[in-house]
Amino acid sequence: MSGAVLEVTDLCVSYAHPLGLVRAVDGVSFRLAPGERFGLAGESGCGKSTMALAILRMIRPPGRIDGGSVRLDGVELSSLSREAMRQLRLAGIALVPQGSMNSLNPVMRIGRQIEDALANHGVALPRKALNARIADLLSTVGLRGEVAAMYPHELSGGMKQRACIAIAICLSPRVIIADEPTSALDVVVQRQVMETLARVQRDLGAAVILVGHDMGLMAQFVDRLGIMYAGRLVEVAPVGTMVTAPRHPYTRALISSLPSLDRKGELQGIPGLAPLLRDLPPGCAFHPRCPLAAERCRREAPALRTAGEAAVVACHFAETAP
Amino acid sequence: MTELLRAEHATKTFGPLTALSDLSLTIDERRPAITAVVGESGSGKTTLARVLLGLEMPSSGRVLYRGKDLRTLGTEARMTFRREVQAIFQDPYEVYNPFYRVDHVLLTPVRKFRLAMSAAQRRALIEAALRAVGLQPEEILGRFPHQLSGGQRQRIMVARALLLRPKLIVADEPVSMVDASLRATILTSLRTLHEELGISIVYITHDLATAYQISHNILVMYRARVAEAGATDGIVTRPEHPYTRLLIASIPRVSSERNWGAAAEAAAAGPGGAGCAFMGRCPEGGAACAATPPPLFRTAVDRAVACYRYREAPELAGADLGEVLIGRPGAPPPDPAKGREAL
């Protein structure tokens, strides 16, 4: 598949810990088609946010990327200089971080923050044209022009998140990574912000990686979904298949643990706790919590294998009906 | 006296801001129920919880505990109130003193309310409460808060409330800081308490889906007022207030059919005027809406809606939401006569 805009192959990230090296991302591979919306979902601590940072090469010590490659339009990112990588962030791959409230500078007006982003990436425009560009960006994300002159504290959560999207798209990136962009917002505002993100992304033709734990949000927004558990991808499938016929027992547990408006019944949690990354169980990392676990699962970690159309799953018993 | 707690036209303002406006609600001891209060941030849910718990006194109106105003409760009655009405808060990290073992939060109420006569009895009480919420006492007691997960800590809070055999638990966003997979466990333990011990629960949440799963009744709040109240299934399947409809349509569903429209970026919140607070976003606002906020209209035995679209229906008697709330199966139903007097 040469048409991929982003190609992640065998990406590994580790953190140094007094008790040894902790693998937070363990050999993750996926490809993103232009304009595609891809979701990365899992419980907290499964490595999904680390993935997002690793793609942008923003892992800081004690963490480090210790293997694998990330290619944007065929260009290997690890071969880029620090400066080239800095230019590529935002211009090539933009991040809408978790908790917009914390990512905006509280003592700088919104317009000035967009201006900074542009200036930092070599966009030099005369004042009038610059103001027009900022007003244009704000209106694209559904904000009034006056917002440019406002400080973050004058905006609601939803408006701040829109401002973050405006910054993320100011250089028309090829890929937008949105890390739980709406986790602090209530559902009505969440829907509005996600619909804005969807429209903007379509107009730009950018691909999106949506990182999060809300399977409902994933089902509504992404085209294809990857489920992470203990630093690995355990299932990747088109989102429709994933919600109607999940193959990995963890995916099934994740979906049924979500309270839904469509079926009322016993609330089911996922038994047990997510494992500690520095002390993973042998074999399949999910086996202590898995209803299908057998002897083989305790010995042998399942590899990702093809399962149906455009889908892969890492489970010895993926064919076993639930 | 079957009336445990009653809010009468309770309004709470903070300076120019009205956080809670004209709320009347009776919680009847004979009709234990789980009542969810849902709404966006800033809609007044937490203020409602704090007013019911007596942590905030209403700026106007009053809250009565067994017929007596919370403001003038005597020492003894206040102690009973503190025992019968328990709180569970949002953050299971903040309520613990990190220097004490978790036993401390369980021992304190036992001592304070003299629930046990001996150390052995104390231990037995605490162990029973922990087991009731699905925890193994030997895994919990003697540990420090940082050695336990958020889900375990929150369940200890439920156990602490349970120790006191309360009649009412007000739980303010008890699961919003807990991982999705653990939410179910905590909510299930709350529901078990209600079912087995007949404890009423006011469950404050922004998550309509969990409210649907565990509650009998839902109060939908919008900007300090109750927009709609009634039996859970009816509200979720046949919402009447335009805000409730918007809320339900906005919930992302785990389904291969997408319920989110591609282009329907819903109207943003406008400034509130003198009339209905939802008017700026409402697709069907009229002249009446701009003048005064709509009262609660009783559209069914188990439903009240604050919207002029339902002005044909009688106004809710005394505006008391307790009139439309149902209890668990077997408890007396709401009294339709009270709501239909005007007909």
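Laid out as a table, the results:
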quantity	calculated
Residue within the stretch B:255-272 that is in a loop (DSSP other than H, G, I, E, B), of a type outside the set (D, E, K, R) and either under 24 Å from B:Val324 (Cβ atoms) or modelled with pLDDT of 85 or more (or both) present	no
Only one of A:Glu146, A:Glu83, A:Glu180 that is surrounded by fewer than 22 Cβ atoms within 10 Å (Cβ to Cβ), among the acidic types (Asp, Glu) and within 30 Å of B:Val220 (Cα to Cα)	A:Glu180
Selected residue (only one of A:Leu32, A:Leu118 is out of contact with any Lys or Arg (no Cβ under 8 Å at 6 or more places or on another chain) and either farther than 28 Å from A:Gly158 by Cβ or surrounded by 14 or more Cβ atoms within 10 Å (Cβ to Cβ) (or both))	A:Leu32
Any hit, the stretch A:151-158, residues being of a type outside the set (S, T, N, Q), in a helix (DSSP H, G or I), more than 14 Å from chain B (Cβ to nearest Cβ) and under 22 Å from A:Val200 (Cα atoms)	yes
Any helices (runs of 4 or more DSSP H) falling wholly within the stretch A:213-306 and containing at least 2 residues that are within 26 Å of A:Leu19 (Cβ to Cβ)	A:295-299
Residue in the stretch B:190-208 that is nearest to the other protein chains (Cβ to nearest Cβ), counting only those that are surrounded by fewer than 24 Cβ atoms within 10 Å (Cβ to Cβ) and in contact with a Leu (Cβ under 7 Å, 6 or more places away or on another chain)	B:Leu193
Residue in the stretch B:9-26 that is nearest to the other protein chains (Cβ to nearest Cβ), counting only those that are surrounded by fewer than 22 Cβ atoms within 10 Å (Cβ to Cβ) and in contact with a helix residue (DSSP H, G or I) (Cβ under 8 Å, 6 or more places away or on another chain)	B:Ala19
Selection count where residues are in a helix (DSSP H, G or I), of a type in the set (Lys, Arg) and over 15 Å from B:Arg155 (Cβ atoms), scope the stretch B:82-133	6
Selection from the stretch B:216-234 of residues that are under 22 Å from A:Leu267 (Cβ atoms), buried (at least 21 other Cβ atoms within 10 Å of the Cβ) and within 11 Å of another protein chain (Cβ to nearest Cβ)	B:Thr232
Out of B:Thr11, B:Thr46, sole residue that is of a type outside the set (Asp, Glu) and over 30 Å from B:Val178 (Cα atoms)	B:Thr11
Only listed residue being modelled with pLDDT of 95 or more and surrounded by fewer than 21 Cβ atoms within 10 Å (Cβ to Cβ), chosen from A:Arg71, A:Arg64	A:Arg71
Segments classed as strands (runs of 3 or more DSSP E), wholly inside the stretch A:1-51, with at least 2 members that are of a type in the set (Asp, Glu) and over 16 Å from A:Asp179 (Cα atoms)	A:6-17
Where a residue in the stretch A:274-296 is within 18 Å of A:Ala253 (Cβ to Cβ) and its partner, wherever it lies, is hydroxyl-bearing (Ser, Thr, Tyr), with Cβ under 7 Å and at least six apart	A:Ala285/A:Tyr229; A:Phe286/A:Tyr229; A:Phe286/A:Tyr250; A:Leu292/A:Thr320
Filtered residue count, the stretch A:166-212, keeping only those that are more than 14 Å from chain B (Cβ to nearest Cβ) and in a helix (DSSP H, G or I)	4
Out of B:Glu127, B:Glu84, B:Glu139, sole residue that is acidic (Asp, Glu) and within 24 Å of B:Val202 (Cα to Cα)	B:Glu84
Pairs, first among the acidic types (Asp, Glu) in the stretch B:47-73, second surrounded by fewer than 21 Cβ atoms within 10 Å (Cβ to Cβ), C-beta under 8 Å, six or more apart	B:Glu56/B:Arg50; B:Asp69/B:Arg62
Any hit, the stretch A:136-152, residues being without any contact (Cβ under 8 Å) to a residue 24 or more places away in the chain, out of contact with any Cys (no Cβ under 8 Å at 6 or more places or on another chain) and farther than 17 Å from A:Arg112 by Cβ	yes
Neighbours by Cβ (under 6 Å, 6+ apart or cross-chain): first from the stretch A:227-239, within 11 Å of A:Ala285 (Cβ to Cβ) and touching a residue at least 24 places away in the same chain (Cβ under 8 Å); second in a strand (DSSP E or B) and charged (D, E, K, R)	A:Gly231/A:Arg23; A:Gly231/A:Asp26; A:Arg232/A:Asp26
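Residues checked against (1) under 24 Å from A:Glu180 (Cα atoms); (2) touching a Ser or Thr at 6+ places or on another chain (Cβ under 9 Å):
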residue: B:Glu138; (1), (2): no, no
residue: B:Gly142; (1), (2): no, no
residue: B:Arg165; (1), (2): no, no
residue: B:Val175; (1), (2): yes, yes
residue: B:Thr185; (1), (2): yes, no
residue: B:Thr192; (1), (2): no, no
residue: B:Glu196; (1), (2): no, no
residue: B:Val202; (1), (2): no, yes
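The values are calculated or read from the model by the stated rules, or taken from the named source; none is laboratory data. A quick note: this is a predicted structure, and the numbers were derived from the prediction, not measured. Note that each Cβ is placed from the backbone with ideal geometry, even for glycine, and that neighbours are counted across all protein chains shown.
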